[in-house]
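Every read-out reported here was derived from the displayed coordinates using simple, explicitly stated rules and does not represent laboratory data. Bear in mind the structure is a predicted one, so any value in this text is a computation, not a measurement. Cβ placement follows ideal geometry from the backbone for every residue including glycine, while neighbour counts extend to all protein chains displayed.
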Amino acid sequence: MKNMFYNCISLISVENLSNLNTKNVIDMSQLFLGCSNLTSIDLSGLNTENAKFMSYLLMGCRSLNSVNININTKNVITMNYMFSSLPLRSIDLSKLDTQNVKDMSWMFWGSGFYKLNLSIFNTKNLVNASYMFGSMSSLEELDISGFDTSNAINMNAMFYYCTKLTSLDVSSFNTENDKRMDYMFRSMITLTSLNVNFNSTNVENMEFMFSELSSIKNLTVKLDTHNVKNMNYMFGLCTSLKSLDLSSFDTQNVEIMRYMFDNCKSIEELDLSNFNTGNVKDYLGMFNSCNSIHRLDISNMHFSKMQLFLNFYTEKPGVIIANKDIEKMVKG
């Protein structure tokens, strides 16, 4: 049944779905994709006991004001983009069986839900959670306390641009197999605090991971970063952040730190004395517009004259910088 009603843009309603014998249907992906004028849908009459694929099921149904999703999903393995771009404010997902789902990427992307309780979701087989809640600009409450992420390998941009979410609990996350965390919390502009304690031993990319958390004052970060290569804009635009403890960071393999702390305007002290930057090729704007900083310990970092100029030319006079390279250049 893949694409069965795809792009039926004049379709307003579908009745008597229970008259369809769908017992042997395996693929229901993109079933109503692009039905932009569909106002309501009741899927409860469908026999979905053998369905495996439900990707893009309702994506783009921009006029939908009611949906009954009480269906059997025990064998479904893909739910990516399933509810993407829906205007609905609320939805009952308590009957969804997600025990075999591997792909939930972009599942709720751009949808209008203001509250989601997914604590009952069984995610033991989840592999891909990329952009799962991305661009949910109306979301105010999210309960993912029951998430088992032990098999997830991709969490990049998972909460990207959730601009109304003020709190988020990710303490249950097991990230030992995860490989991507870039953009994970980017642009959560109303979030006031965040505690991240992840086993991230396999992650290579953390660029923009915490960028533009502009309301956050308390950020607790404990990460295994020994394989990370890219920290581009990692904390950029965290304009309200007062302090940051990065003593757990191992930066021996990092190659890019471009704009890593760009516009962290409220930080007064920053101790990066544990940073080993022997492989860093790009420091451009690393401390750009950190205008409140009065002590910066970068004693184990090495800079050329050009790198120094590009990093510190915006800093206010009198800032104390602990670094031998800088001391030599100042004396010279």
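Listing for the model above:
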{"read-out": "Residues Lys217 and Asn300, FRET efficiency given R0 of 41 Å [Cβ-Cβ distance, rounded to 0.05]", "value": "0.90"}
{"read-out": "Candidate aspartates and glutamates for bridging to Lys102, where Cα separation is under 13 Å - those fewer than 8 sequence places away on the same chain excluded", "value": "Asp148"}
{"read-out": "Highest-first arrangement of 129-136, 42-49, where packing means the average Cβ count within 10 Å", "value": "129-136, 42-49"}
{"read-out": "Calculated log₁₀ intensity ratio I(q)/I(0) where the Debye formula runs over C-alpha points of the chain, q = 0.10, 0.12, 0.13 Å⁻¹", "value": "-0.64, -0.83, -0.92"}
{"read-out": "Residues whose placed amide H lies under 5 Å from that of Asn197, excluding near-sequence neighbours", "value": "Lys222"}
{"read-out": "Global form of region 115-156, assessed from the alpha-carbon gyration tensor, a/c cut-off 1.5", "value": "oblate"}
{"read-out": "Inter-label distance for Ser36 and Leu20, nm, one decimal - labels placed 7 Å from Cα along Cα-to-Cβ", "value": "2.2"}
{"read-out": "Length released on extending from Lys95 to Thr190, taking residue separation times 0.36 nm less the Cα-Cα span", "value": "31.1 nm"}
{"read-out": "Relative contact order of the chain, pairs being alpha-carbon contacts under 8 Å that are 6 or more residues apart, as %", "value": "8"}
{"read-out": "For region 184-261 and region 75-120, distance of Cα centres in Å", "value": "27"}
{"read-out": "Least to most buried among Thr220, Thr251, Thr201 (fewest other Cβ within 10 Å first)", "value": "Thr220, Thr201, Thr251"}
{"read-out": "For the chain, size of Cβ-based charge dipole, Lys and Arg +1, Asp and Glu -1, in debye", "value": "420"}
{"read-out": "Length released on extending from Asn253 to Ser171, taking residue separation times 0.36 nm less the Cα-Cα span", "value": "26.8 nm"}
{"read-out": "Cα-centred dipole magnitude for region 1-178, charges only on beta-carbon of K, R (+1) and D, E (-1), debye, nearest 20", "value": "340"}
{"read-out": "Given Lys52/Lys95; Lys52/Lys74; Lys124/Lys222; Lys115/Lys179; Lys2/Lys52; Lys229/Lys281, the pairs whose alpha carbons are separated by over 18 Å", "value": "Lys124/Lys222; Lys115/Lys179"}
{"read-out": "Cα gyration tensor shape of region 1-144, rounded if a/c is under 1.5, else prolate or oblate by comparing a/b with b/c", "value": "oblate"}
{"read-out": "Exposure proxy order (Cβ contacts within 10 Å, fewest to most) of Asp92, Asp148", "value": "Asp92, Asp148"}
